[in-house]
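To start, the structure itself, in C-alpha cells.
The values are calculated or read from the model by the stated rules, or taken from the named source; none is laboratory data. Keep in mind the model is a prediction, meaning the values are calculated, not measured. All Cβ positions, even for glycine, are placed from backbone atoms using ideal geometry, and neighbour counts span all protein chains on display.
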Amino acid sequence: MIPLRDANPVHGRPYLTWAIVAVNVLAFLYTLSLPGREQLAFVFDQGFVPGLFRQSPAAELTSLFTSLFLHGGWGHLLSNMIFLLVFGDNVEDRLGRLPFLVFYLVGGAFATLVHSLFAGASLVPLIGASGAISAVLGAYFAIFPRQRVMTFVAPLFVPWLLLSFLFPMPRFYMWWLPAWVFIGYWALLQVFQAGASLGAPVQEGGVAWWAHVGGFAFGLAWAYLLVSPRRRGAVRG
C-alpha cells in the first residue's frame, strides 16, 4: 500500500519537513556524482556499520545521523520521501519545528541502534531515512489515529476485497483509510518481517526491519509521553 495524501490540514508551511526532504535528495545526488569506488567509500564512511560501532562507538557516533540522509537507489529514496511528505508535515505541525527536528534525528538514531542489536558484527552499512520515518509514523499513529489517508492499493494486495467492503472507494484501487488501519497494518508487517529475520545474516541491499520496529516504538512513546492527551486523537477538518 502506498500513501498518496492525508485529509489532515496543517496550520503553517512544513518548512522543516521540506528541508529534510531536500537534504536527502541533495545527499543522494551527491552520492550518485561520485565515481564508483569513491561512492562505495563514501557510503561506508557515512553509513552506519554495526561492526565498527561495536568496536569504537565514539568514533562512529556521527554515523547514527549521517546514515539517515543516504539512500541506495531512486526507489529507496522516493518511497521514503513519499511517506515523509504525507505524514511528516502534520507531526511537525503538532510538535513544532525545533522539537520535530530533535524528534526526527533522535528517533532515527534510536532506530539505528535497535538495528545494531540484531546485526551482530556485520560490516554491511545501514543507510536510509526509514528508521526516522518509522518514528514519524509512530507519532502520527498516536496523535492522529482517526485521520484519513488516501491509499493506493495494488490489485494483488491480499486484503483487497475486504477493504472494498469496509471502506468507500473514491477511485479505482484507491481508498480513504483511517490512519490507524494504514499505519497499523504497516507496523504489523514490520514486526512480522523483523521476527522472520531473526537468525538470518544481514545482507547488503536488505531491509532493516528491526530499525523500523524500533523507530515506530520510539515515535509512539514520544507522542504518548510528550504530547498532551487533549492534543492527541482529534480529527481536524
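Here are some notes:
- Count - residues of the stretch 68-112 that are touching a helix residue (DSSP H, G or I) at 6+ places or on another chain (Cβ under 7 Å) and part of a helix (DSSP H, G or I): 28
- Residue, nearest to the chain's Cα centre (by Cα), within the stretch 1-16, restricted to residues that are farther than 25 Å from W175 by Cα and either assigned to a helix (DSSP H, G or I) or among the small types (G, A, S) (or both): L16
- Hits in the stretch 126-142 (condition: assigned to a helix (DSSP H, G or I) and either surrounded by fewer than 24 Cβ atoms within 10 Å (Cβ to Cβ) or of a type outside the set (V, I, T) (or both)): S130, G131, A132, S134, A135, L137, G138, A139, Y140, F141, A142
- With respect to the conditions (1) surrounded by fewer than 24 Cβ atoms within 10 Å (Cβ to Cβ); (2) at pLDDT 95 or above, G96 falls short on a single one, namely (2).
Per-residue answers, yes or no, for (1) farther than 24 Å from A221 by Cα; (2) under 12 Å from the mean Cα position of the chain (by Cα):
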| site | (1), (2) |
| --- | --- |
| L64 | no, no |
| W74 | yes, no |
| L77 | yes, yes |
| V86 | no, yes |
| L98 | no, no |
| L105 | no, yes |
| S122 | yes, no |
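- Count - residues of the stretch 1-28 that are at pLDDT 95 or above and farther than 24 Å from F100 by Cβ: 0
- Subset of the stretch 19-38 [without any contact (Cβ under 8 Å) to a residue 24 or more places away in the chain and either touching a Ser or Thr at 6+ places or on another chain (Cβ under 9 Å) or not polar (S, T, N, Q) (or both)]: A19, A22, L26, L29, Y30, L32, L34, P35, G36, R37, E38
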